[in-house]
1. Is it fair to say residue 46 is modelled with pLDDT under 90 and either among the hydroxyl-bearing types (Ser, Thr, Tyr) or surrounded by 15 or more Cβ atoms within 10 Å (Cβ to Cβ) (or both)?
2. Going through 51, 36, 61 one at a time, which residue ends up being surrounded by 14 or more Cβ atoms within 10 Å (Cβ to Cβ) and at pLDDT 85 or above?
3. Output the qualifying pairs, or none if there are none: Cβ atoms under 7 angstrom, residues six or more apart or on different chains, first residue in segment 32-61 and within 23 Å of residue 5 (Cβ to Cβ) and without any contact (Cβ under 8 Å) to a residue 12 or more places away in the chain, second residue part of a loop (DSSP other than H, G, I, E, B) and among the charged types (D, E, K, R).
Amino acid sequence: MKTEQDIAPLIELLKMAAEQWPSSENGEVSQSELFRRDQALLKMWPEACRRVGLGEREFPRGVIKRWQHEMGGGRPN
């Protein structure tokens, strides 16, 4: 299943994000900064896949749908 194959690079992406932004918490970060970070995570995705030994993969649609849901305040965009 493709979703299971996305778990390893998603975990790696979270590690990369923790290295990039080590001490901030969501309550301390503006909405525009969160959006900028989401864009940065999308750009880091190919590197996360490479680090876990996978070839180029599409970013998981379920994660993008969740981001859209959160940005829309729970309403579909």
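1. When the stated conditions are applied, residue 46 does not pass them.
2. Working: 36 fails: surrounded by 14 or more Cβ atoms within 10 Å (Cβ to Cβ); 61 fails: surrounded by 14 or more Cβ atoms within 10 Å (Cβ to Cβ).
After applying the criteria, what remains is 51.
3. From segment 32-61, the pairs are 46/56.
The values are calculated or read from the model by the stated rules, or taken from the named source; none is laboratory data. Here the structure is a predicted model, which is why all the values come from computation and not from measurement. Don't worry about glycine lacking a Cβ; one is built from the backbone with ideal geometry, like all the others, and counts go over all protein chains shown.
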